[in-house]
Amino acid sequence: MPGKLKAKIVAGRHLPVMDRASDLTDAFVEVKFGNTTFKTDVFPKSLNPQWNSEWFKFEVDDEDLQDEPLQITVLDHDTYSANDAIGKVYIDIDPLLSCEAATVISGWLPIYDTIHGIRGEINVLVKVDLFNDLNRFRQSSCGVKFFCTTSIPRCYRVALVHGFVEELVVNEDPEYQWIDRIRTPRASNEARQRLISLMSGELQRKIGLKVLEMGGNAVVGYLQCFDLEGESGLVVRAIGTACTLDKLSPGTAPNTTTHTNTHTLPNTAPTSNACNSPSKDSKEPVFSEDPPHSLSGPPTPLRTLPSSSPPPFSPSKPCSRQSSSSDTDLSLTPRIGMGSGGSVGKEAGPLKTLLRQHTQSALEQREFPIFTLTCFPPGFLVHVGGVVSTRSVKLLDRIHNPDEPETRDAWWEEIRQEIKSHAKALGCHAVVGYSESTSICEEVCILSASGTAAMLNPRFMREGCLDTGGSDHRLSRQPHPGMVGSERGEGEVSSTWLGFEDASPPSCGFVHIPYDEFNMPFPAQLTYCYHCRRQKVPDVLFTTIDLPAEAEVTGKGCLIQARLCRTKKKAQGEVNATSISNLLPFMEYELHTQLMNKLKLRSMNALFGLRIQISVGENMLLGLASATGVYLSALPAPGGIQIAGKTPSDLSYDQHISTMQKRIDDTIAKNKELYNIHPPKLFTLDPEAFTGLNTECIEEVVGSPIPDRQRSSRLFRSTSESSDELSELDLSHGKKDAFVLEIDDTDAVEDIQSLLTDAPIPAGFYSCNTEVMPGIHNWTSGLQMFTSVRVYRLSNANLTNQGLNKIFTDLCENLLKSLYFKLRSMIPCCLCHLNFTVAVPEEELIQVAVTAVAMSFDKETQQAADKALTRGSGENEEQLQFSMEMCGESTISNNQPTAKPSGVPESAMVHSSRVSSSERCSPLPEGRSRSLRSTRSLPCGAPVTVVKMTPLSFLPGTRIVKYLGIINMFFIRETTSLREEGGVSGFLHSFIAEVFAMVRAHVAALGGNALVSYSMKECVFMENPNKNQAQCLINVSGDAVIFIRESDQEAIPPLLTSRQTSSTGADGTT
Amino acid sequence: MSVELDVFVVNTTIMDEEVYQLWLDGYTVNDAVKVRMEGGVLEGCEASAEVLHSDTMDQYRTFQMCERLLHSPVKLANQLLFQIPPHRQVMLIERYYAFDSVFVREVLGKKLSKGTKKDLDDVSAKTGVTLKSCRRQFDNFKRVFKVVEELKGPLVENIRQHFLLSDKLARDYAAIVFFANNRFETGKKKLHYLTFQDFAFCAGQLISNWTVGALDNMVEDMDVDLEKEFLQDLKELKILITDRDLLDQHKSLVCTALRGKTKAFNEMEANFKNLSRGLVNIAAKLTNTKEVRDFFIDLVEKFIEPCRSDKWTAGDMRLYLTHYTNSAHVLDTFKHQVVWDRYMGVIKSCILKMYHD
């Protein structure tokens, strides 16, 4: 009995009229936790009841505290008939279980009913007293912090990254239980909401346990998803990255670091490792060895189809296996032999091998060296290989025993194994920026996973749960002076090489190939890095991660989307699944080709944040790939696109081709201007790169003899055997150009069409699907998070692939156009983190949902900043300083393994700031004071806290001072009066607005003023217009935080102040 | 292919003021799109009519959802559904409660009843204001009326507090409520030349001088009604016209003061008795609620029209009324100075306001 939950019901307001006769309501409240229920008195005849109840106390296990939500039901008392429910509030008390998160939940929360929506608000106070848990065999994991943010949270420092955690729970969906036939829709919806809330809690608790086992204290990049499998059940699954986080004490604020070690740090770790190098022999087997836990689970069950999860594609497969065994020797020798500076080769070779083997030992012991992070502490990411992805088509079967979700577990395990092996084939030992998703249609389910193969710095991963000797290792391996020395040496080298001082080679480190040049897993064209000139880089790089802070980018980036629609025959069971899995590789291939074309058209050479979604419907498949294209300065300039015809004799045909070519060339030129892509002129002094700056395009066209399509393998697809046929097919027209489009090919015509029909972004707008836009730094605080949902009905007349493609492309383009128009008042602005979700809810329906944040920036200073940054490392000041701080700190605490009890000073600081702010509580501005005065006579007074929401992990111009806990909410809304509520649009509009309102209210009740890393993970909409009915399910999540403005760090926003004073006031009354 | 569903929801609700105005003016979505197109909103944006239509629909939906809250503006400030910045809230409320002067002129002084509401289509046809907008404005009047009807304390302040309106708009609403409550006749042909602002000014004068709350702010009573006692006292003024001596004396005093100061002196002298009778009779009749309704028509018929036909200038009018009021103080047999001042103060400013073409 280690916890006491206390709840107090203060008041209600804006309640609906429940008694038509008196136009009033006799409201009372039931407070339920687990199986215990308390009731308040009835507050008669009021729409603004003041219950002011006693403290209801629940004595419960902390296990229950984690699993169960606090359930508050507001009812209307009726003497003669049954009491009518007004609505409910579910409160997740998890944030109260961690000492570093929120301490009290206090505020106005909307009362929600699944049929009527929000019906008034209720003011509650919730607290938890936790007793020390002495039970070693506990089932709870209180205190483990959860973050949706896929980077290290802003006010924490990462001590160790433990690795992948996953969990999955299944249950029967109440909507499909027999009882659903006799209960009301409301009861059914509430059962579902409650079940999912319970399952989320359980999932989080179980993941927390795993984290504790690993020795961590937090989960970063926590991604929880629902699979509504219909008849076969309900799956809630989550993945995340277990970490040990230390709270940054207020004294060591990010800006206290010195500038001297700015450029030294990102590459310190690799070089320093050179001191202790175990023999190759000892390490060799470790590397090639299969992971011990691999696929211990049962083979895929029952009706599973293995079709679309075969090994990568065949040509690369043998090479990749080979490379893994003979890797180290090969990677060493060629470099030395290259003669491009012996010192470089020597340094790079062992560096890489050592790195591999160190990380190896740390990583190989884990089943999955997989990380959900997309943004990393400096130095964490050493090399990036490319995108790895896997899809698998499964047939759903009823989950017979909810307590043993083995089938689903095995499916995912299989997929992760495959991802891991793909990464290995790319010469990488880890996968970062990893995510999983599903698409379900009837009984067919496509499981997808993707990530970026990468080499990581072992420094962040040593020790933990592995062994106690880890700390010694770390000490010995990180001789500080040596590291500085080697660093200096490098600096000299680069200065002589590149003709300027203070070069920071590590900024290009992550683009250097991790795989072996002479034994590449796939054909690619390598050149020497345009930045450091010493290592090989690929010509194009695709990744799922965010742009690393240290990356040097030329110009600005932009959103690149590939869209594809493919019809399929309606079918059942295995036939259906087979046809889907046969289609998948073609879709992936085409999406990839589109991406490549569009990237070239924008004269860019790398994609970040790549997300490929394939959705399945009854008679079609939709594919949508989104990514942010950039020009990485370290990679070669992309070649143009050349159009070629098969019958060059025909004159008019030639003409047609040349006009096409001209249009494409014009577009490329225009795009270069638009995205300000003027590759740096720093390399003029470099003999190798001396190619005449203005002609780099032509030079590239001539100088890249490798056929285009082979590059497509950069996206390491695991689709099926058919993909290699395709790439062979491409080789047949290997022209000299960087990129050739054969126009006879109908696909190519389509490609060109889609290339040229992409509408240009209106002036003043930029867009990306990553956290931030490269090349824009001076954000203002103006930001606007939005969600847009559209459903289109296809007229069944034109269901050809091409017609569908056109329609689908237009849908996306129109949606974007609409967004630009609506947000035009924010110009100049950038749409960040544009997240598209497509679905085929019914035959002939396509649903597209977009969530993003529009952030305005300052144009005037932008240009100045651009100039200042032409040579700089392309990261903004704040980030730079922050990263320095982090690394400086980490080296210190590596030497002193005992973490500082930094929670104490932090809380002290928060406390003092509260006091000071309440003292300073200034008279409100005029407009507000008037409204206050006017409301005084009324029962409900306090102003509403402004809560900002953003899908990003930060708010520009502010500093996050506290993470209050994760918000993970699931809502169902149903109506039987669709027309009366304004049709489907009216219904969904108000539902989304209500969801936002509830999220904001819960953030505010935790004491926060913003929700970061917000995402709407599920938006399932179903309608039956004939019956005048509709239903919608929405799942949202994010991290509740307190931020303060950078400009006035002391002054806490007035609204926050008022809330906090009120909450402290409430404390006093207890 | 057709768009089945199309929504756009933002965290911080921003509303296009132009679209809001179109919505308030009762434009349909299609008409609003047309107006916006003509207004050139698409210039500079690479957007189509489709985009504009979708945007207009979104905004209209938002307004409709907000409308419920706008009915009790205090709720708007502490509701949770829409996060609207305070200055935007002020704008939303102010615009929602704004009204067309042509419309208000039609219903001013009418009973805010269902019957009147039924006739709104005629008003709409006559004024060119859309029926939808007419209904909104009428409902606003009625809503404000209903709320303040029951409240004690100063009328303007009550309206301002409960509807969070600006001072100017609150005063206008006070006038509307006051007129509706006292059912002043404003629709007669002779009154057509008067604008709403003329009436609003007069209402303000009446409210602040002739109601119960006017004398003593501490009195916790409504100032929607004229003070009964005062109206009774007004009867006493009749002596100014019934007592022949007093009338002559008054006339000679006024004429002495005016002589040589105005071109219209002869007309003033000739008409003095008629005009004075007119004004005093109005005062004497105010105890009768029916007569109260005719207050403005009486002022026009009995005073303003004769003066206008004699071509008095506004300056003449001011001069005349000033001396007419002040001279009464010199009459030693006239004992009702306080009531006279209270009466004439309002009458003077009302007439000055109403004396135009």
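Note on the stretch B:38-84: among residues that are among the acidic types (Asp, Glu) and outside any helix (DSSP H, G or I), the one that is surrounded by the most Cβ atoms within 10 Å (Cβ to Cβ) is B:Glu46.
With the condition kept exactly as written, say whether any residue in the stretch B:86-96 is part of a helix (DSSP H, G or I) and away from chain A (no Cβ under 14 Å).
For the stretch B:86-96, residues part of a helix (DSSP H, G or I) and away from chain A (no Cβ under 14 Å): present.
So, in the stretch A:968-982, of the ones that are of a type in the set (A, V, I, L, M) and away from every other protein chain (no Cβ under 14 Å), which residue ends up farthest from the chain's Cα centre (by Cα)? The qualifying residue farthest from the chain's Cα centre (by Cα) is A:Ile972. Every condition in (1) more than 30 Å from B:Leu155 (Cα to Cα); (2) modelled with pLDDT of 85 or more; (3) open to solvent by less than 70 Å² (accessible area, probe 1.4 Å) holds for B:Asn326 except the one numbered (3). Quick check, is B:Ile159 free of Cβ contacts under 8 Å to residues at least 24 places away in the same chain, within 13 Å of chain A (Cβ to nearest Cβ) and among the β-branched types (Val, Ile, Thr)? Yes, satisfied. Residues in the stretch B:234-270 that are of a type in the set (Asp, Glu) and either assigned to a helix (DSSP H, G or I) or surrounded by 17 or more Cβ atoms within 10 Å (Cβ to Cβ) (or both): B:Glu236, B:Asp245, B:Asp248, B:Glu267, B:Glu269.
What are the residues in the stretch B:20-69 that are among the small types (Gly, Ala, Ser) and within 10 Å of chain A (Cβ to nearest Cβ), if any?
Result: B:Gly44, B:Ala47, B:Ser48, B:Ser54.
Annotation: B:Phe141 fulfils all but one of (1) surrounded by 17 or more Cβ atoms within 10 Å (Cβ to Cβ); (2) under 18 Å from the mean Cα position of the chain (by Cα); (3) farther than 16 Å from B:Asp100 by Cα; the unmet one is (3). Of the strands (runs of 3 or more DSSP E) contained entirely in the stretch A:46-149, those carrying at least 2 residues that are at positive phi fall at A:117-130.
If you go through the stretch A:957-996 and keep only what is farther than 30 Å from A:Phe147 by Cβ, hydroxyl-bearing (Ser, Thr, Tyr) and crowded, with 21+ Cβ neighbours inside 10 Å, you end up with A:Thr975, A:Ser985, A:Ser990. Among the residues of the stretch A:40-55, the one identified as in contact with a strand residue (DSSP E or B) (Cβ under 6 Å, 6 or more places away or on another chain) and over 20 Å from A:Arg13 (Cβ atoms) is A:Trp55. Among the residues making up the stretch A:1-51, a single one is open to solvent by 20 Å² or more (accessible area, probe 1.4 Å) and touching a Cys at 6+ places or on another chain (Cβ under 7 Å): A:Asn48. Contact annotation: residue pairs with Cβ atoms under 7 Å, 6 or more positions apart or on different chains, pairing a residue in the stretch A:797-823 that is more than 11 Å from chain B (Cβ to nearest Cβ) and crowded, with 16+ Cβ neighbours inside 10 Å with a partner that is assigned to a helix (DSSP H, G or I) and among the hydroxyl-bearing types (Ser, Thr, Tyr), are A:Thr809/A:Ser754; A:Thr809/A:Thr757. Given the criteria at pLDDT below 90 and more than 26 Å from A:Ile761 (Cβ to Cβ), does A:Glu574 qualify? The answer is yes for A:Glu574.
Report whether or not B:Phe201 is more than 14 Å from chain A (Cβ to nearest Cβ), touching a helix residue (DSSP H, G or I) at 6+ places or on another chain (Cβ under 9 Å) and outside any helix (DSSP H, G or I). Walk me through how you get there before you give the answer.
Numbers: more than 14 Å from chain A (Cβ to nearest Cβ): yes; touching a helix residue (DSSP H, G or I) at 6+ places or on another chain (Cβ under 9 Å): yes; outside any helix (DSSP H, G or I): no.
No, not satisfied.
The residues in the stretch A:768-786 that are within 14 Å of chain B (Cβ to nearest Cβ) and buried (at least 19 other Cβ atoms within 10 Å of the Cβ) can be counted, and the count is 4. Among the conditions (1) within 19 Å of B:Tyr20 (Cβ to Cβ); (2) touching a helix residue (DSSP H, G or I) at 6+ places or on another chain (Cβ under 9 Å); (3) of a type outside the set (Val, Ile, Thr); (4) more than 10 Å from chain A (Cβ to nearest Cβ), the only one that B:Lys117 does not satisfy is (1).
Restricting B:Lys142, B:Lys168, B:Lys152 to those that are of a type in the set (Lys, Arg) and at pLDDT below 90 reduces the list to B:Lys152.
Is it true that B:Ile297 is buried (at least 20 other Cβ atoms within 10 Å of the Cβ), touching a residue at least 12 places away in the same chain (Cβ under 8 Å) and in contact with a helix residue (DSSP H, G or I) (Cβ under 8 Å, 6 or more places away or on another chain)? Considered against the rule, which asks whether it is buried (at least 20 other Cβ atoms within 10 Å of the Cβ), touching a residue at least 12 places away in the same chain (Cβ under 8 Å) and in contact with a helix residue (DSSP H, G or I) (Cβ under 8 Å, 6 or more places away or on another chain), B:Ile297 comes out as no.
The values are calculated or read from the model by the stated rules, or taken from the named source; none is laboratory data. Bear in mind the structure is a predicted one, so any value in this text is a computation, not a measurement. Neighbour counts are summed over all protein chains in view; Cβ atoms, including those assigned to glycine, are modelled from backbone coordinates with ideal geometry. To get the accessible areas, we keep the full protein, side chains included, count just its heavy atoms, and leave off ligands, DNA and RNA. Shrake-Rupley method; radii C 1.70, N 1.55, O 1.52, S 1.80 Å.
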